[in-house]
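Please read the structure below before turning to the comments.
The values are calculated or read from the model by the stated rules, or taken from the named source; none is laboratory data. Keep in mind the model is a prediction, meaning the values are calculated, not measured. No Cβ is skipped: glycine too gets one built from the backbone with ideal geometry, and neighbour counts run over all protein chains shown. Heavy atoms of the whole protein, side chains included, go into the accessibility calculation; ligands, DNA and RNA do not. Shrake-Rupley method; radii C 1.70, N 1.55, O 1.52, S 1.80 Å.
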Amino acid sequence: MILHQIEALKAIGVEEVVLAINYQPEIMLNFLKEFEKKLGIKITCSQETEPLGTAGPLALARNKLVDDSGEPFFVLNSDVISEYPLKEMIEFHKSHGGEASIMVTKVDEPSKYGVVVMQESTGKVEKFVEKPKLFVGNKINAGVYLLNPSVLDRIELRPTSIEKEVFPKIAAEQKLYAMVLPGFWMDIGQPKDYITGLRLYLSSLRKNSPSMLAVGSHIVGNVLVDATAKIGEGCLIGPDVAIGPGCVVESGVRLSRCTVMRGARIKKHACISSSIIGWHSTVGQWARVENMTILGEDVHVGDEVYSNGGVVLPHKEIKSSILKPEIVM
């Protein structure tokens, strides 16, 4: 997910990315090492020893964010996915001359979210309304910001919320502007939302880069297959499937609405739907995995085993069926 954002930032000329990480930063940085070279972008980390909310980490990373140029910097929530129209956002930010720009997206049920009340013509943000009972608008914060360095002067080094404490003050001074996000948007912090996000992302690829998608008589709908993955005969794959590097899908397998991560093996005649198969995991012959089953890293599901919504922690072997959604520790 973070790689999508880094690639989008690199495409518009960003030269350095700072990750605000609290938990096990070395895992993320080791993963990103090869992409740092490949993309030619500097990736560093600002580690929080205690969680600092959504604004505190900016104060912590202040010396990495401020330089002599006075140029604005992007802030992105790492669990959102969209088409990242960052070039347009820079143009929007320069045109209004305010202190901060936020991306907003339209939703069908605004009462579930914090709603951004704004002037339609200028984008000037008037106020924020948390989970409104009455309709005040249908645009919510999409978690993509472009901020002038002066915003950092408003943030103390303590656990603090940029959405609830910092942005309302900037809006009160009429210096906060919102741009409506074109295309799709999804917060994919939860597994079921991740699967929805995958569908939206693949349909966006269909529109913008169809050559990236797999083709063939065994493919249904939008499917993304890494060049290093191997797929056997007699499979039916799709719609809305992503198969990662080094995966092996044996013959006669059925996959739909799922992600199969790096190095996983799906054995003959297994059937997987609406699920996430973690790195280096195995699904046995004639096994059936469905209903938002999540397999962590290195999980091995036995032959003919059924999983109905099981959430399995890493390094486990599943020899008997999981008949109802539960966590296997």
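For Ile102, the conditions (1) on the phi > 0 side of the Ramachandran plot; (2) open to solvent by less than 60 Å² (accessible area, probe 1.4 Å) all hold with the exception of (1).
Is it true that some residue in the stretch 26-37 is within 26 Å of Asn148 (Cβ to Cβ), open to solvent by 70 Å² or more (accessible area, probe 1.4 Å) and of a type in the set (Lys, Arg)? Quick ask: steps written out before the conclusion?
The initial filter retains those residues of the stretch 26-37 that are within 26 Å of Asn148 (Cβ to Cβ), namely none.
The answer is no; no qualifying residue exists.
Quick one: which strands (runs of 3 or more DSSP E) sit completely within the stretch 215-329 and have at least 1 residues that are open to solvent by less than 10 Å² (accessible area, probe 1.4 Å) and in contact with a Cys (Cβ under 8 Å, 6 or more places away or on another chain)? Before the answer, list the steps.
Values: elements: 223-225, 241-243, 254-260, 271-277, 288-290, 306-308.
In the stretch 215-329, the matching strands (runs of 3 or more DSSP E) lie at 241-243, 254-260, 271-277, 288-290.
Figure legend. Inter-residue proximity from the stretch 147-169: first residues in contact (Cβ under 8 Å) with a residue 12 or more places away in the chain, second residues open to solvent by less than 30 Å² (accessible area, probe 1.4 Å) and among the acidic types (Asp, Glu), beta-carbon distance below 8 Å, spacing 6+ or different chains. Indicated pairs: Leu147/Glu99; Asn148/Glu99; Ser150/Glu99; Val151/Glu99. Output the residues belonging to the stretch 40-54 that are over 19 Å from the mean Cα position of the chain (by Cα) and open to solvent by less than 40 Å² (accessible area, probe 1.4 Å). Residues satisfying the conditions are Ile41, Thr44, Ser46, Glu48, Leu52.
Let's see how each residue does on (1) aliphatic (A, V, I, L, M); (2) over 21 Å from Met186 (Cβ atoms); (3) without any contact (Cβ under 8 Å) to a residue 60 or more places away in the chain:
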| residue | (1), (2), (3) |
| --- | --- |
| Gly98 | no, yes, no |
| Val104 | yes, no, no |
| Asp108 | no, no, yes |
| Thr122 | no, yes, yes |
| Lys133 | no, yes, yes |
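Whether any residue in the stretch 170-184 is farther than 27 Å from Gly296 by Cα, modelled with pLDDT of 95 or more, of a type outside the set (Gly, Ala, Ser) and in a helix (DSSP H, G or I) is what I want to check. Yes, there is a match, as at least one residue in the stretch 170-184 is farther than 27 Å from Gly296 by Cα, modelled with pLDDT of 95 or more, of a type outside the set (Gly, Ala, Ser) and in a helix (DSSP H, G or I).
If you go through the stretch 131-158 and keep only what is open to solvent by less than 50 Å² (accessible area, probe 1.4 Å), over 23 Å from the mean Cα position of the chain (by Cα) and farther than 16 Å from Glu99 by Cβ, you end up with Pro132, Gly137. Only a single item in (1) under 23 Å from Glu15 (Cβ atoms); (2) within 21 Å of the chain's Cα centre (by Cα) is not met by Leu60, and it is number (2).
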